[in-house]
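Written below as structure tokens is the structure these notes are about.
The values are calculated or read from the model by the stated rules, or taken from the named source; none is laboratory data. Quick caveat: nothing in here was measured; it's all calculated off a predicted structure. So basically every Cβ, Gly included, is an ideal-geometry build from the backbone, and we count neighbours across all protein chains shown.
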Amino acid sequence: MRMLPFFLLWTLLNSTTAFSQQTANKPEREQWFMDMGLGMFIHWSVDVQLGAVISHSMAGASEQYLQRFTTELPQTFHPKKFDPEEWAVLAKLAGMQYVVFTAKHHAGFCMWDTQTTDFNVMHTPFKRDALQAVIAAFRKQGIAIGLYFSPEDFYYCYQHDIPIGRMQHPQHFPANNPGLMAYDKAQVKELLTRYGKIDIIFFDGPAEGLKEYAWELQPDIVVTRGQMRTPEQELPDQPVPGPWEACFTMGTDWQYKPTNDPQKSGTEIINMLIETRAKGGNLLLNVGPKPDGEIQTEQDALLRELALWHLANREAVAGIRPWHIIREGNIWFTCAKDSSAVYAFVSGGEAWKYGERKELVLKTLQGSSRTKVSVLGFGGQLVEYKKNFDAQVYVENTPIGLVISAVNGQRFYTNNKWPNPVVLKIEQVRYRPYTDHSTRAELEGAK
């Protein structure tokens, strides 16, 4: 009889544990996510054949349009040049440590072999589980796997006579629509039980009920949108505490847009990455493969420019944290996680030409006799074709700040006109605070 209370207590404790629900990302997984720095977003669905905005042309569309969209487009989806291993190799070169692929966008078309609906990639001439191929290719390159999933589902709404839009009708929210919630959960279960460990899930829409279910299925998964700040096409003015992710296109659209789509320059993309990391966020940079499965030439070229910059400067943007101040004027900062080094991003191009020496005064850095400065990627000994040229880095601690003299000496282009930032690694240095708030504001400047 004396064993009964202990048994009841044991049962109660275990019951409580069994029914407790995870309601947030694990802190250690959030720290892991913050280390990633850069990810590849891939928008690709059945309507890529039209070069239209992904999914959204269904919103407010006529019955005839919806009928053609849902029945005719799957009949012609056949990307004969689909090679996700090429995507993954390019992502790795560019420094992307995770991928987020559109498993299901708002249209409801599923890019995997699902049992929940015939509106999926297996019911096309392609007849291949695209998601499985993407996951295998990126895992092979050691890149973490993320899935984009829309809780809203335009095809479900179309089948159930619900007006199609984005969070404009109560039935657009799974929490208000038991049928849609069950449908979404069945799909999330497939995604999180058939493909091994999924590192990240991006719920683009009302995530209540679904993110908890995702954590139930895979407790280590990191929920980005739906749990953390994920601004699109803009950056916050100041650092954001904790994990966050900026989502940007290279051109003007997410999915492939064949016309009227000017792309950003490589320098703009690199500067965007630097600013995002200086403010503590990750950059999720989008590519929109063509209907045949190839990454469009312009975006491929931009990623290769990013890859060249990354080959020299990777340590300044991966596994780092924000410094005490995000920048001095146009010089941005990041900091090694263990505070052993500060990285200063200095404009290149016309502002600092190849083979030239430049002097800098960093007013917020306090050095010592042990302070060491190097140029990432450059050995600091020789500049090609220049005889008796002093390429050494000099550093001196002064009352007005840390004075650095360095040479931009690494040759990236034949014409020597590499337009992208040069990164200084500054070791054994401390923050030199400014108590005057107006001085700090002046240093950080206005964008």
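Descriptive notes on the structure:
- Looking across 135, 201, 164, 145, one residue alone is touching a Leu at 6+ places or on another chain (Cβ under 7 Å) and buried (at least 17 other Cβ atoms within 10 Å of the Cβ). It is 201.
- Pairs linking a residue in segment 87-100 that is of a type in the set (Phe, Trp, Tyr) to a residue that is outside any helix (DSSP H, G or I), with Cβ atoms under 7 Å and 6 or more positions apart or on different chains, are 87/295; 98/39; 98/143; 98/144; 98/146; 98/199; 98/200.
- Residue satisfying condition, being assigned by TED's automatic domain parsing to the domain that holds residue 191 and over 21 Å from residue 250 (Cβ atoms), within set 86, 72: 72
- Residue count for segment 369-407, restricted to those that are farther than 21 Å from residue 434 by Cβ and exposed (fewer than 12 other Cβ atoms within 10 Å of the Cβ): 9
- Applying the condition of being assigned to a loop (DSSP other than H, G, I, E, B) and polar (S, T, N, Q) to segment 253-290 and asking which residue is nearest to the chain's Cα centre (by Cα) yields 255.
- Of all residues making up segment 40-82, the number that are aliphatic (A, V, I, L, M), in contact with an Asp or Glu (Cβ under 8 Å, 6 or more places away or on another chain) and buried (at least 17 other Cβ atoms within 10 Å of the Cβ): 2
- Hey, residue 343 crowded, with 16+ Cβ neighbours inside 10 Å, part of a loop (DSSP other than H, G, I, E, B) and of a type in the set (Ser, Thr, Tyr) or not: no
- Residue in segment 248-263 that is crowded, with 22+ Cβ neighbours inside 10 Å and among the small types (Gly, Ala, Ser) present: no
- Exactly one residue out of 153, 113, 129 is among the acidic types (Asp, Glu), under 18 Å from residue 198 (Cα atoms) and in contact with a Phe, Trp or Tyr (Cβ under 9 Å, 6 or more places away or on another chain): that is 129.
- One residue from 401, 379, 409 being touching a strand residue (DSSP E or B) at 6+ places or on another chain (Cβ under 8 Å) and within 26 Å of residue 94 (Cβ to Cβ): 409
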